[in-house]
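Below: one structure, written as structure tokens.
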Protein chains: 2
Amino acid sequence: LSMVVDVTVDFEPKGKTAQMPVGSTIAEAAQQVKVGIRSECGGQGSCGKCRVLVRNPSAVGEITQAERSHLSQVELESGYRLACQTKILRDVTIEIPAASRVESRKIQVLGLERKTELNPSLKKFYLMLPEPTLSDATPDLERLLEGLSKESKPRHPLKIDYDILKELPTILRKAHWNVAVVLWNNSRIIDVEPADKSPDFFGLAVDIGTSKIVGHLVNLTSGETVAIGSIENPQIVHGEDIITRIAFASTDDANLQTLQGLLIDGVNKVLREACAKAKVDPLRVYHVVGVGNTAMHHFFLGIKPKNVAVSPFTPAVKRQVDVSARTLRMETASTGIITFLPNIAGLVGADAIADLLATELCLSDERSLLIDMGTNTEVFVGNKEDVLCCSCASGPAFEGAHVTHGMRAVTGAIERVRISSGYDVEYKTIGGERPRGMCGSAMIDIVAEMLKRKIVNTRGKIDPAIETTRLCKRKGRGDTEFVVAWRDETATNKNITITQNDVGEIQLAKAAIEAGWTILLKQKEMQPQDLDRVFIAGAFGEYLNIENAKVIRLVPDVPANKVRFVGNAAVAGAKMALLSKDIREQAEDAANSVRYLELATDPDFNHEFTRALQFGTSGV
Amino acid sequence: LSMVVDVTVDFEPKGKTAQMPVGSTIAEAAQQVKVGIRSECGGQGSCGKCRVLVRNPSAVGEITQAERSHLSQVELESGYRLACQTKILRDVTIEIPAASRVESRKIQVLGLERKTELNPSLKKFYLMLPEPTLSDATPDLERLLEGLSKESKPRHPLKIDYDILKELPTILRKAHWNVAVVLWNNSRIIDVEPADKSPDFFGLAVDIGTSKIVGHLVNLTSGETVAIGSIENPQIVHGEDIITRIAFASTDDANLQTLQGLLIDGVNKVLREACAKAKVDPLRVYHVVGVGNTAMHHFFLGIKPKNVAVSPFTPAVKRQVDVSARTLRMETASTGIITFLPNIAGLVGADAIADLLATELCLSDERSLLIDMGTNTEVFVGNKEDVLCCSCASGPAFEGAHVTHGMRAVTGAIERVRISSGYDVEYKTIGGERPRGMCGSAMIDIVAEMLKRKIVNTRGKIDPAIETTRLCKRKGRGDTEFVVAWRDETATNKNITITQNDVGEIQLAKAAIEAGWTILLKQKEMQPQDLDRVFIAGAFGEYLNIENAKVIRLVPDVPANKVRFVGNAAVAGAKMALLSKDIREQAEDAANSVRYLELATDPDFNHEFTRALQFGTSGV
């Protein structure tokens, strides 16, 4: 019989307090009271991002091997620990340094929006029904359908949600037979209410990203976007990257339920935020269109995601899935419909379909290239005749991982860099604050500028002979590094540098992407100059310096006027599908017609990838 | 602050014990531990059927006015009380006399069964799917549908139950891609399982009657009925008649939920019983077809039944309703479908539709009359050209209510009677036991025999001048009565008699029915001799003496060879709909084509009813 004693854990500067059993980790306590601490490994002790400062070090357990490899002796002596490794023994106060906080990022909420004709899956009809009498005692539903048949011409017999049928006798009589009917997809009655209620009804387009959830609340009567809500993806406490979350979900069905629950809670939170801003009752939201990568799709629907992550990367379902809001515990109208747009493949999900919708890539005569950059980068090449796509394992370098001073595009991140011929550095940070690290667009700038200034050669090797005080050996590690910001300019009181190893990480990422579009262009027997349009989607958005991206061959060499940044195209595509059922059909058509090329099975891939590791030569 | 003290209530001879708060009634205690006590008024103290014997009378509260009007002084002194009126003050032992027990009745479980070609709404397909590879990573659902498209040709894109979709990746891999698919209505996948599981799958046809629930378990692979389950309708504790239950449900939504819950529990119990008999796992039952009157339909689906019972008697829905088993908490496969066949009108329900299916009345050239006798009697006249129907308020007399020695057709009930020219009586009881009362078929015999022997005249008046010791004045009530069984022959030690008042009740019941078929025949411009067939359905079944029924004009005067007893046609019709989706379509067609005549609005009704109160003259 073990006795469980609770201890108090105070978090600063959040001012939150957890009561935990002795022996819990600091990370568990933080999760309990929803204090966000960075983590990329999901608590394995391998990423070293969850540093916290323990105010009374004697209240916690022994320092682990993992901590010794991530924290310096000075840091350990100052009380720094890794939250996932440190067990709590007594009441304790924990300070979370700025660099370890999960903060609200610069979230790309506005995307390319194509003008969409309003033809939503939901329609509202107003009916004045005759009251039943002894000489016309037609049952309630048949009376309603008879009235409706004069307004709507369904191809198949209409269905009615069972919960609405149950209440129908009460609703009709309360409304004195003067009702508004909400019809889903010209096939299913999902609400009946007194005709004198507000005519407005709403939908939510939501992009469920690995790191963020963004929702647009749309008035389906007018087609207007009335508010936007967004939050960090709450699954982040179980790992920043998808693979860690899939591994967590695969060990136990309860874990999958936890991850599904977090997503549903997250989408509900976005719904509430947007509804609160627009003063809309969430119960007047009847349709949610969701997009996200295939893993998010599976998490949201509670489907085991394991097969998406292991060869041959098979999703459970391609076509769009409609589930009732009641089943998914969404806080919309309980009879509302939750649609998740179709997937193309295990690594090309509904978010990519949304890109296609927003760019009209599958409808246009113009030959287009679309690159949606992320930990997996999706690439599409083609036009309405034929579209080919692939997924590139570009990794999380551009999102700040595996790069010494890498960080996400949040306040304090360096986002733009120029290096002068005298090796001087100009940079710009998000929010204009003192720099804390570098985000992806800055990494591309730095590598391109170093190439231009010949600080690195085409093989990506830093030239140690360059004469500048910014170039030095990393203390005790034998790694050359280039100083981007001096310690007296930074918020961390440390130099922000780019190391030889960091350049290598960026090389790997861009090589994966370059090999992807190179192989697709080859398959389509096209040269970069044959492209009419190049779309850049994904996290960088408009912050990417396209000329530098061309220098490192992250994108092919096309005139700048052919390039369009499409920002968060995923939510734009989801919104289009919300506004028009024709677009929902286009999504289904795209999922069925786009040809997916598995790079792993392509005989050219190894060759192209090796070539693309060089910064110099073209493969097409 | 009131203190709740529990007392112990022992029931004999059931041997059950309840723990109840002081002040509970005996009826409540009985309900708590599921001891069945008769009741027709649902606990109002007005029917006097819930007599019990309190062994220690000092343990219960004061005698109420209602009890004084139903129990004699001798009975009260012996400890007899009404269960619904008597409050429990201390630990008490209650004996439930045989006459007050809800016993297993002679339930009509076998009905007329038409030979039905096996074409159920459920089909099973066996598929061997290719395993996914890197060069063919088709998503799981699309792989399944591709395999299925070779076997089944659905008119519309197939749907899949969300619960099955969620598990699909796991099931397919567990089954090594060798699966059996259960398809509903050629439109919806409701199960996927390893192909090597038993090929058999099952359906349940269930008749939800006001007083009983009967279910036939059917093997949908072979079409065979493999077991039958039946119980009393557990709603009976809230009133034996429908009106009492509707009143109860209408006072509070929670009461409606209680009544729905009792029905669902009841059907689950029937399912379990039948499955246990046939050694079938209830989870292999995928389809339930239910029938019942319109009130039972509403109770089962949780729809407020009030409008069915008040003018203009409007049901919530006419068409058949399909609901998932999960939603209704049925213990079949959770993805199974529960179908309730269509209603025609507030007082003509799916059970009447089932009669039509079983008799093929709407398909045949032959001109038919169908009378389904009960508290409400449904009457149909017509053939495939046109069918007219009505509902007659025949009341519960034939089921034993409002008749002094009336009882249901259970063990000890007199079911057949003959009166000799010397006024001697021959009778037969159910089970051959000493008589306890008379059931409906005996009442018809007695009145017919009394007419033949001129003990009553055509106006239904007992002739006091008849010389027999069986004729006497009821003590202290001024009512003439005829002794059917002498006290020394009976189980109750009391004479079993039929009173002037009882004859009046029977007269009212038969007049309602006679007026119904008379008006329908008139509307169709038909004479009794134009009828090719007369079907008698309902509680009496084959126990009805058809010649005596003709004597009192309960049925028209047609040759005996045209009359067919169709027994429990309701469950037979439900089973046919289970066996074939063509029959389900016939049910829908019947609901739409049969014309319902509201007797209350018919100008002939008062005249015909008044005439039919006489035993002599014909209205057609």
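Take A:Ser152, push a point 7 Å out from Cα through the beta-carbon direction, and compare it with the same point in every other copy: 2.6 nm, smallest first. Rounded to the nearest whole Hz, the Karplus-based 3J(HN,Hα) values (6.51 cos²θ - 1.76 cosθ + 1.60, θ = phi - 60°) of the stretch B:21-33 follow the sequence x, 3, x, 5, 8, 4, 4, 5, 5, 5, 5, 3, 9, with x at glycine and proline. Kindly identify the stretch B:487-620 as rounded, prolate or oblate by the Cα gyration tensor criterion: order the square roots of the eigenvalues as a ≥ b ≥ c, call it rounded if a/c is under 1.5, otherwise compare a/b with b/c, prolate if a/b is larger, else oblate. Taking the square roots of the gyration eigenvalues as a ≥ b ≥ c, the stretch B:487-620 is oblate. For B:His607, the accessible surface of its heavy atoms amounts to roughly 110 Å² (probe 1.4 Å, protein chains only, rounded to the nearest 10). The calculated FRET efficiency for the pair A:Ser135 and A:Lys384, based on their C-beta separation and a Förster distance of 60 Å, comes to about 0.55.
If r is the Cβ-Cβ distance from B:Ser69 to B:Asn501 and R0 is 22 Å, what FRET efficiency results, to the nearest 0.05? Before the final figure, lay out the partial values.
Numbers: r = 16 Å, r/R0 = 0.73.
Calculated value: 0.85.
Three principal axis extents describe the C-alpha atoms of the protein assembly as shown; from largest down they are 141, 68, 57 Å.
For A:Ser368, B:Ser149, the ranking by accessible surface with the largest value first comes to B:Ser149, A:Ser368, using a 1.4 Å probe. Taking a quarter of the surface of the Cα convex hull of the stretch A:14-104 gives a mean projected area of 5.4 nm². Per residue, the average separation of C-alpha pairs within less than 8 Å and at least 6 apart gives the stretch B:506-620 a relative contact order of 41 percent. Helical runs assigned H by DSSP (4 residues or longer) give chain B a calculated mean residue ellipticity at 222 nm of -8500 deg cm²/dmol, each run adding -39500 (n - 2.57) before division by the residue total. Equivalent-ellipsoid semi-axes for chain A (Cα gyration tensor, √(5λ), whole Å, largest first): 47, 33, 20. The stretch B:299-318 and the stretch A:311-338 have Cα centres lying 34 Å from one another. Here the label points at A:Asp265 and A:Arg55, each 7 Å from Cα along the C-beta direction, are separated by 2.6 nm in the simple model.
Between identical copies, the spacing of A:Ser222 label points, each set 7 Å from Cα toward the C-beta atom, reads 6.7 nm from nearest to farthest.
For the stretch A:30-52 and the stretch A:339-383, write down the distance between their C-alpha centroids in whole Å. For the stretch A:30-52 versus the stretch A:339-383, the Cα centre distance is 33 Å.
In terms of solvent-accessible area of protein heavy atoms at a 1.4 angstrom probe, what is the ranking of B:Asp502, B:Asp6, B:Asp479, highest value first?
Values: B:Asp502 0, B:Asp6 85, B:Asp479 30 Å².
Correct descending sequence by accessible area is B:Asp6, B:Asp479, B:Asp502.
Rounded to the nearest 10 degrees, the angle from helix A:140-149 to the longest Cα principal axis of chain A is 80 degrees. In this view, the solvent-accessible surface of A:Ser311, computed with a 1.4 Å probe and all protein chains in place, comes to about 70 Å².
The phi torsions of the stretch A:592-609, fed into the Karplus equation with coefficients 6.51, -1.76 and 1.60 and a -60° offset, translate into couplings of 7, 9, 5, 8, 9, 9, 7, 4, 4, 9, 7, x, 7, 4, 4, 4, 5, 5 Hz, rounded to whole numbers, with Gly and Pro shown as x. Given a 1.4 Å probe and the protein chains as shown, A:Leu283 ends up with an accessible area of around 100 Å².
Here B:Ala560 and B:Glu585 are evaluated by their C-beta separation; at R0 = 30 Å the FRET efficiency comes out at 0.30. Chain A's nearest residue to the axis relating it to B, judged by Cβ and reported with the distance in whole Å, is A:His156, 4. Across the stretch A:161-170, computed HN-Hα scalar couplings (Karplus, 6.51 cos²θ - 1.76 cosθ + 1.60, θ = phi - 60°) run 4, 4, 5, 6, 4, 4, 8, 3, x, 5 Hz from first to last residue, x flagging Gly and Pro. With the label put 7 angstrom out from Cα along the Cα-to-Cβ vector, A:Arg329 ends up 1.9 nm from the copy partners, going from closest to farthest.
Report the gain in length on full extension from A:Ser78 to A:Glu95: 0.36 nm times residue separation, minus Cα-Cα distance, nm rounded to one decimal.
Working: separation 17, 0.36 × 17 = 6.12 nm, distance 1.21 nm.
So the extension gain works out to 4.9 nm.
Of the residues B:Lys581, A:Lys473, B:Lys522, A:Lys428, ranked by 1.4 Å probe accessible area with the largest first, the sequence reads A:Lys473, A:Lys428, B:Lys522, B:Lys581.
Spin-label model, A:Glu366/B:Asp6: points 7 Å from Cα along the beta carbon direction are separated by 7.7 nm. Measuring against 18 Å, Cα to Cα, the residue pairs A:Lys49/A:Lys494; A:Lys318/B:Lys166; A:Lys428/A:Lys550; B:Lys123/B:Lys174; A:Lys166/B:Lys123 contain A:Lys428/A:Lys550; B:Lys123/B:Lys174; A:Lys166/B:Lys123 as the ones spanning a longer distance. Inter-part distance, the stretch A:562-602 to the stretch A:466-521, computed on C-alpha centroids, equals 34 Å. Rounded to the nearest 20 debye, the dipole magnitude of chain A is 840 debye, with +1 charges on Lys and Arg beta carbons, -1 on Asp and Glu beta carbons, and the Cα centre as origin. Put simply, the amide H of A:Arg474, placed in the peptide plane, has neighbours under 5 Å in A:Asp479, A:Thr480, A:Glu481, leaving out anything fewer than 5 places away on its chain.
Only the Cβ atoms of Lys and Arg (+1) and of Asp and Glu (-1) were treated as charged; on that basis the dipole of the protein assembly as shown about its Cα centre amounts to roughly 1240 debye. The simple spin-label model puts a point 7 Å past each Cα toward its Cβ; for B:Ile466 and A:Arg453 those points are separated by 12.4 nm.
For the stretch A:246-337, what D do you get in µm² per second when you plug the Kirkwood radius from alpha-carbon pairs into Stokes-Einstein at 25 °C and 0.890 mPa s? Intermediate results must be reported in sequence, preceding the final value.
Details: Rh = 14.1 Å.
The calculation lands on 174 µm²/s.
Computed on chain B, with alpha-carbon pairs under 8 angstrom and 6+ residues apart, the relative contact order is 13 percent. Short to long, the 5 Å bins of the Cα pair-distance histogram for the stretch B:312-372 hold 4, 16, 18, 17, 17, 14, 8, 4, 1 percent of all pairs. Near B:Thr221, the amide H atoms lying under 5 Å from its own belong to B:Phe201; only residues 5 or more places off or on other chains count, and H is placed 1.01 Å from N.
State, as an integer percentage, the relative contact order of the stretch B:325-430 based on alpha-carbon contacts under 8 Å between residues 6 or more apart.
Values: 151 pairs, mean separation 14.0, N = 106.
That works out to 13 percent.
The values are calculated or read from the model by the stated rules, or taken from the named source; none is laboratory data. No experiment lies behind these values; they were computed from the predicted model shown. Heads up, the Cβs are rebuilt from the backbone with ideal geometry, glycines too, and the neighbour counts pull from every protein chain shown. The protein model used for the area step is the full one, side chains on, heavy atoms only, and it has no ligands, DNA or RNA in it. Shrake-Rupley method; radii C 1.70, N 1.55, O 1.52, S 1.80 Å.
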